[in-house]
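Remarks on the structure that follows.
The values are calculated or read from the model by the stated rules, or taken from the named source; none is laboratory data. Computed from a predicted structure; not experimentally measured. Backbone-built Cβ (ideal geometry, glycine too); neighbour counts: all protein chains shown.
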Amino acid sequence: MKVYGVIMAGGGGTRFWPLSRRELPKQFLNLSGKDILVNETYDRLKLVAAAGDIFVVTNTLYAEKTIAMMEGRVQESHILAEPAARNTAACIGYAAMEIIKKYGDGVMCVMPSDHYIKDEKSYADTVLQGVKLAEKKDCLVTIGIKPEYPATGYGYIRSTPVKEEAYRLVEEFVEKPEEETAAFYLEEGCYAWNSGMYIWKASRILDWFQKLLPDIYTCLVKIGNAMGTKQERETIEEIYPKIPKISIDYGIMERAGGVLMLEGNFGWNDIGSLDALEVLHKKDAKGNVGMGSHIMMDTEGTICYSEDKFIAAAYVRDLIIVESKDAILVCPRQRAQEVKKLVDFLEEKGKTEYL
């Protein structure tokens, strides 16, 4: 069975402000020094799917930029433009319908565009193991990451082992926990970080849409019926904004039965907020991470990122300091996840030129 890669790249990356902006969101940033995030995701997916079978789902606002920034990696017809942001269920359903209607059923490997993977060979081995599992058992497969510390920025998956099998049976998906709860999850040993990576047949996930999310499925069918006709784009523009907003986890994964999980141990990190920069760059002896023009004196546990101006940090600890072309952010490192609230605050105060 053919293997398809699907990259979800429609987000605004607001937790990465001021580096991530509306005109150039996080997926188009080169944070590692190697390549932009969406290209790194594409290059990893080429280890499991043919280049011609990889799709990118993004917002209409970013469709042309995606074509330009990916430099010919993905053919234009495989860049699926969402006219409105409707969360991951709609994104995945749209890709599944596109595949079924135009290319034939196959196994979809659905990946966010903003992950860091240290061991790409182990990543590919795990994904291909998931492909075989999804094909053989016609089931939904996800990849859970063995937790290394009590993270409060990730959701978790509780699972149980299956005798003489490499996969585990998913019992429950749980939301981002408080620190005490996260420590309990780590101690229990049956919880994994929810990576947001999914593997399944296009036909199987559409079956689950029909069963669990009939309102969304009805919209997807209308779009699917127009695919390949002159009315395709017009229909997408009309129907897509009406699709209910819901994540694939809430809508399907938490409610579907028989979901299987493979444990990923390949140096994974979700580049979701600015504190993740410490994963991409080497720390000094005092736990500081610095990029661009900077100096740190008597400073500990601080992240400095300079695009242009020189940053001097002295006598501080556990801060994030980011300088971009027209804005500077300073915030406590432990509150990196809350930068999104600052972006909302800027919009509320009419500072839209900085968004």
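When both residues are 6+ apart or on different chains and their Cβ atoms are under 8 Å apart, which pairs have a first residue that lies in region 30-46 and is within 20 Å of LEU128 (Cα to Cα), and a second that is outside any helix (DSSP H, G or I) and of a type in the set (S, T, N, Q)?
GLU40/SER32; THR41/SER113
Hey, can you tell me all the residues within region 116-129 that are at pLDDT 95 or above and aromatic (Phe, Trp, Tyr)?
Of everything in region 116-129, just one residue is at pLDDT 95 or above and aromatic (Phe, Trp, Tyr), namely TYR123.
Just name the residue that is farthest from the chain's Cα centre (by Cα) out of those in region 327-337 that are in contact (Cβ under 8 Å) with a residue 60 or more places away in the chain and in a helix (DSSP H, G or I).
Among residues in region 327-337 that are in contact (Cβ under 8 Å) with a residue 60 or more places away in the chain and in a helix (DSSP H, G or I), the one farthest from the chain's Cα centre (by Cα) is ALA336.
Quick grid of which residues meet (1) at pLDDT 95 or above; (2) buried (at least 19 other Cβ atoms within 10 Å of the Cβ); (3) within 18 Å of the chain's Cα centre (by Cα); (4) more than 30 Å from LYS325 (Cβ to Cβ):
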| site | (1), (2), (3), (4) |
| --- | --- |
| ARG15 | no, yes, yes, no |
| LEU24 | no, no, yes, no |
| THR41 | yes, yes, yes, no |
| PHE55 | yes, yes, yes, yes |
| GLY72 | no, no, no, no |
| HIS78 | yes, yes, no, yes |
| THR88 | yes, yes, yes, yes |
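Within the set of pairs 6 or more residues apart or between chains, which connect a residue that is under 17 Å from TRP17 (Cα atoms) inside region 306-326 to a residue that is among the basic types (Lys, Arg) with Cβ atoms less than 8 Å apart?
Note: pairs meeting the criteria are GLU307/LYS325; ASP308/LYS325; LEU319/ARG333; ILE320/ARG333; GLU323/LYS309.
From ILE320, ILE295, ILE303, grab the single residue that is touching a strand residue (DSSP E or B) at 6+ places or on another chain (Cβ under 7 Å) and over 21 Å from ASP114 (Cα atoms).
ILE295
Anything in region 130-180 that is farther than 26 Å from ALA49 by Cβ, modelled with pLDDT of 95 or more and among the basic types (Lys, Arg)? List them, or say none.
ARG158
When the residues of region 26-39 are filtered to those that are touching a Leu at 6+ places or on another chain (Cβ under 8 Å) and either among the aliphatic types (A, V, I, L, M) or not in a loop (DSSP other than H, G, I, E, B) (or both), which remaining residue is surrounded by the most Cβ atoms within 10 Å (Cβ to Cβ)?
GLN27
Quick one: which of LYS282, LYS242, LYS222, LYS325 is more than 29 Å from TYR154 (Cβ to Cβ) and either out of contact with any helix residue (DSSP H, G or I) (no Cβ under 9 Å at 6 or more places or on another chain) or among the aliphatic types (A, V, I, L, M) (or both)?
LYS325
Does region 99-126 hold any residues that are touching a helix residue (DSSP H, G or I) at 6+ places or on another chain (Cβ under 8 Å) and charged (D, E, K, R), and which are they?
LYS101, ASP105, ASP114, GLU120
Restricting attention to region 221-232, does a residue exist that is modelled with pLDDT of 95 or more and under 27 Å from GLY13 (Cα atoms)?
There is no residue in region 221-232 that is modelled with pLDDT of 95 or more and under 27 Å from GLY13 (Cα atoms).
Inside region 303-319, can you point out the residues that are touching a helix residue (DSSP H, G or I) at 6+ places or on another chain (Cβ under 7 Å) and either basic (Lys, Arg) or closer than 17 Å to LEU31 by Cα (or both)?
ILE303, TYR305
Taking region 268-311 on its own, how many of its residues are among the acidic types (Asp, Glu) and either assigned to a strand (DSSP E or B) or over 25 Å from the mean Cα position of the chain (by Cα) (or both)?
Going through region 268-311 one residue at a time, the tally reaches 5.
Which of (1) farther than 28 Å from VAL3 by Cα; (2) modelled with pLDDT of 95 or more does ILE199 not meet, given it meets every other one?
Result: ILE199 passes all but (1).
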